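Heads up, the thing below is written out as structure tokens.
The values are calculated or read from the model by the stated rules, or taken from the named source; none is laboratory data. Everything numeric in this text was worked out from a predicted model, so none of it was measured. In this analysis, Cβ positions are derived from the backbone assuming ideal geometry, glycine residues included, and neighbour counts consider all displayed protein chains.
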Amino acid sequence: MDETLEQLKEGVRRFRTQIYPERAEQFAQAGSEPQRPHTLFIACADSRVDPNLITSTTTGEVFVTRNIGNMVPAYGEMLGGVSAVVEFAVTGLKVRHIVICGHSDCGAMKALLAPDNSGKLPAVTNWLTNAHAALTVAETVNERDVAQGSDKPLILELTEQNVLLQMRHLKTHPSVAGAMALGELTVSGWIYNIGTGEVRVAEDGERTFTLIDPAPEDGV
């Protein structure tokens with residue numbers, strides 16, 4: 001018996017008997033109408049990052065693509081899955097916002113800092129070239145900040161710089177550039193802390209990430 005497959009099948013059973021019945025009308029509507037997501041969410045493939053859970057969104061609201069390191073190759077560099085998703089989301093689905101979300105304890109960022117550890121993963125090593133500029137910036141900024149007494153970890157600096165770099169890459173895509181020029185699309189960069197649940201956001205044009213404070217109704 002394949003124990004992992006059985007675990008997944010049991011999850012489907014719970015979905016069918018517990019979750020689906022409570023939202024049957026919503027699923028039926030989603031299955032009979034074209035999707036109309038308002039946001040494209042570009043996240044890391046890390047299994048601990050759940051875009052719908054983080055944003056409290058449900059079926060049909062968020063168009064999601066995931067890859068190692070939440071990266072967006074500059075247009076023309078690696079035309080493939082990510083580029084196709086961006087183009088379809090912006091031109092076909094007319095999303096109004098794009099999020100690029102990095103996160104704490106990211107394996108891709110660790111691999112950038114210790115490249116020898118991914119020597120047996122040539123495809124991963126090639127993919128990580130999309131963040132090499134972020135590594136250079138992070139090391140430069142971190143060296144300056146440490147000299148000034150900062151204790152900000154290098155991996156956090158790299159995680160932030162990578163999100164900012166991927167936002168710049170995103171804007172090289174013609175569909176994104178055109179929609180932004182018309183005022184039909186905005187972008188933001190996020191950092192999600194897996195352990196604390198905190199999310200910090202850098203809106204377009206900002207280089208610092210600001211914590212989303214809990215709403216007053218949450219007891220704060």
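Considering the conditions (1) without any contact (Cβ under 8 Å) to a residue 40 or more places away in the chain; (2) under 19 Å from Asp46 (Cβ atoms); (3) touching a Ser or Thr at 6+ places or on another chain (Cβ under 9 Å), Asn142 is excluded by exactly one of them, (2). Screening Leu158, Leu112, Leu128 for residues that are within 22 Å of Glu206 (Cβ to Cβ), in a helix (DSSP H, G or I) and not β-branched (Val, Ile, Thr) leaves exactly one candidate, Leu158.
Residues that are surrounded by fewer than 13 Cβ atoms within 10 Å (Cβ to Cβ) and among the aliphatic types (A, V, I, L, M) were ranked within segment 147-203; the one that is modelled with the lowest pLDDT is Ala147. Inspect segment 177-194 for any residue being over 20 Å from Leu40 (Cβ atoms), outside any helix (DSSP H, G or I), under 18 Å from the mean Cα position of the chain (by Cα) and not charged (D, E, K, R) and give the result as yes or no. Yes: one or more hits.
Checked against (1) at pLDDT below 95; (2) in a helix (DSSP H, G or I), Gly76 passes all but a single condition, namely (2). The residues of segment 12-65 that are of a type in the set (Ser, Thr, Tyr), farther than 23 Å from Met167 by Cα and surrounded by 10 or more Cβ atoms within 10 Å (Cβ to Cβ), listed by number, are Tyr20, Thr58, Thr59. For Thr57, the conditions (1) among the hydroxyl-bearing types (Ser, Thr, Tyr); (2) under 24 Å from Leu211 (Cα atoms); (3) in a helix (DSSP H, G or I) are fulfilled apart from (3).
Could you tell me whether any residue of segment 36-49 is closer than 20 Å to Ala89 by Cα, assigned by TED's automatic domain parsing to the domain that holds Val124 and of a type in the set (Asp, Glu)? Looking through segment 36-49, none of the residues is closer than 20 Å to Ala89 by Cα, assigned by TED's automatic domain parsing to the domain that holds Val124 and of a type in the set (Asp, Glu).
Looking for whichever is surrounded by fewer than 12 Cβ atoms within 10 Å (Cβ to Cβ) and either in contact with a His (Cβ under 8 Å, 6 or more places away or on another chain) or polar (S, T, N, Q) (or both) here; the options are Asn130, Asn142, Asn126. Which one fits?
Numbers: Asn130 fails: surrounded by fewer than 12 Cβ atoms within 10 Å (Cβ to Cβ); Asn142 fails: surrounded by fewer than 12 Cβ atoms within 10 Å (Cβ to Cβ).
Unique residue meeting the criteria: Asn126.
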